[in-house]
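This report refers to the structure that appears directly beneath it.
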């Protein structure tokens, strides 16, 4: 028998996914926990220790092949291309991210956890062009706001 109410104790909202309501599911996706608070006590998955050459290289790849997304469905930085070796190098340098392989031969790496974005974006900001810097700042603002509003 499937649940109709969120499985978090005390929550009576209808189930959206994984037996959680919209709010608790979003918390889990963004922060890795359904618990109250910001979820920022959880460690980021990215290694966060990069040298300038690595940051400049990653910023260059994101400048050319990346996207900085804020909208329905969340916040994320994605790089997509056919060159799997480049995608894997970005993942190795960053120390994380989700790797996807598409049927059309495209590969992508996505960083979607706010905690990781709060570490990555300020680190690459000096190497981004003006247009990407505006997008990255918008993404940073959204992650900071999400952390502030997450009860």
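Since every read-out is calculated from the coordinates, none of them should be taken as a lab result. Given the structure is predicted, the values throughout are model-derived calculations rather than measurements. As a convention, Cβ positions derive from the backbone with ideal geometry for all residues, glycine included, and neighbour counts pool all protein chains shown.
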Full extension from residue 18 to residue 53: what is 0.36 nm times the residue separation minus their Cα-Cα distance, to one decimal in nm?
-> 8.5 nm
A chain fully extended from residue 83 to residue 125 at 0.36 nm per residue, minus the present Cα-Cα distance, gains in nm 12.7 nm
Set the Förster radius R0 to 22 Å, insert the Cβ-Cβ distance between residue 70 and residue 100 as r into 1/(1 + (r/R0)^6), and round the FRET efficiency to 0.05.
-> 0.65
A chain fully extended from residue 7 to residue 137 at 0.36 nm per residue, minus the present Cα-Cα distance, gains in nm 43.3 nm
Inter-part gap, Cα centre of the range 72-91 to Cα centre of the range 51-67, in whole angstrom, is 11 Å
